[in-house]
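Written out below as structure tokens is the structure these notes cover.
The values are calculated or read from the model by the stated rules, or taken from the named source; none is laboratory data. This structure is a prediction, so every number in the text was calculated from the model and none was measured. We place every Cβ from the backbone using ideal geometry, glycine too, and count neighbours over all the protein chains shown. Just so you know, the surface numbers come from the protein's heavy atoms only, side chains and all, with ligands and any DNA or RNA stripped out. Shrake-Rupley method; radii C 1.70, N 1.55, O 1.52, S 1.80 Å.
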Amino acid sequence: MGDPPRRLLLLSNGHGEDLSGSLIGQELQKLGLEVVALPLVGHGGAYRQAGLPVLGHTREFSTGGLGYTSLGGRLTELVQGQLTYLLSQLVLFFREARHCAAVVVVGDVIPVLAAWCSRRPVVTYLVAYSSHYEGRLRLPWPCGSCLRSRRFRRVFSRDAFTATDLSHQLGRPVDFLGNPFLDRVLESAPSLDGPGVGASSPRLGLLPGSRLPEALRNFELMLQVLTRLPAALQVRGGLQLNAALVGAIDAATVARLSRPLGWQLEPSGRLCRGELELRLHWGEFQAVVQQADLLLAMTGTATEQAVGLGKPVVQLAGGGPQFSPNFAEAQRRLLGPSLFSAEGEPGSERSLGGTATLVGDVLHQLQHTDLGERCRRNGLERIGGPGGAARMAWQILQVLDEPSAPLQ
């Protein structure tokens, strides 16, 4: 009989982190390793969809994170019991980590510290950190000390610039191998072209997000932006509109939400208002992103995926906790010249009207300047290429095959 498969524990603390972790986990399974996942935030939907076992009884909180958004978000979490939940998840982690050959961290402070305390060999992917934010990454305490430890056998970054910066700061190799979250969005997708769409019509994709109820509010704001688009884009055939929706936003919900705004849901599954026609897509996120000339987005990871594909993105500020003004500004610093945003309070006429004007301006630039090529170069620099999940999995396998070293 052969040796039993070596067990690895994936520890992550965010929805975007879960996505990257799930892709790494699938590649580890292909190498014959046993993989279990422990998400500290949410239900670990990405792990479940990937067929990876999820430990414990998971919970979802309205803030969608670990208090990073605002003081109000932190207070909300306390009221909802997230601190108690987090502590229970960490207790479960320490109990399970003892039976694992190594811990794979996809996240930031809390999972990094927990992995260091477990005294197990650790590999970490710092998907939440980038030197593009300020030119030199300032790691929050105690991440720097943990990552210098011999317990952390490999450290991966989310871009090449950050890898160089952290290698100097930590005095150890930090590698960029590609971004796992690009792998899925590059999968082949069917054409979205339909009857009545001009071959030369520019394509605008809508990405309202996946977390409810925030995604519903985001979609409502996007519908209001569309009605404020320049007149030349509101004629039939002037603009192809496609929205990528999650299953929880079903047709009945769309009809109820859009009707007060003057939209009508047709039996064909399209929303119409005057000559504007918005095609709705469920389970076709890749197609919407790949085939769009421009994206209107209110998301985190999906926006980064779009930029990684070389697409320009117009960012619409929202009022939900996952898209606070601080988060929006951080996203602009991270993604650079591929990301455009208008000023104004979220949901205000200035914000909605400015965003609609910006959509028209960016589409004009795509037709008459080298903006598209600049966005492709920027995406490669800021996000990098695909294939990171497989490369990381191979490096993790090497860690397991290395001679044991003192876990100081």
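A compact table of results
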item	result
Surface accessible to a 1.4 Å probe, per residue, for the residues of the range 240-322, Å²	34
Whole-percent pair-distance distribution, where bins are 10 Å wide, for the alpha carbons of the chain	5, 22, 31, 24, 13, 5, 1, 0
Estimated 222 nm signal from helices in the chain, with DSSP H stretches of n ≥ 4 weighted -39500 (n - 2.57), rounded to 500	-12500 deg cm²/dmol
Gained length - residue 251 relative to residue 329, 0.36 nm times residue gap less alpha-carbon distance	24.8 nm
Reciprocal of mean inverse Cα separation for the range 282-408 (Kirkwood radius, Å)	16.5
Choice from 385, 372, 171 with maximal GNM fluctuation in the chain (Cα, 10 Å cutoff)	171
Only Lys, Arg (+1) and Asp, Glu (-1) charged, at Cβ; the chain dipole about Cα centre in debye	880
Per residue value of the accessible surface for the range 103-157 (all protein chains in place, 1.4 Å probe), Å²	37
With every protein chain in place, the range 175-320: carbon and sulfur % of accessible area (1.4 Å)	51
Bins of 10 Å, starting at 0 and running to the largest distance - Cα pair percent for the range 349-408	17, 22, 21, 15, 12, 12, 0
Local electrostatic count, residue 276, Cβ distance below 13 Å [Lys/Arg +1, Asp/Glu -1]	+2
Space enclosed by the convex hull of the alpha-carbon atoms of the range 151-241, per residue, Å³	200
Given charges at Cβ of Lys, Arg, Asp, Glu: the chain dipole, positive-most of 255, 12, 403	403
When the range 112-171 is reduced to its Cα atoms, the Kirkwood hydrodynamic radius in Å	11.7
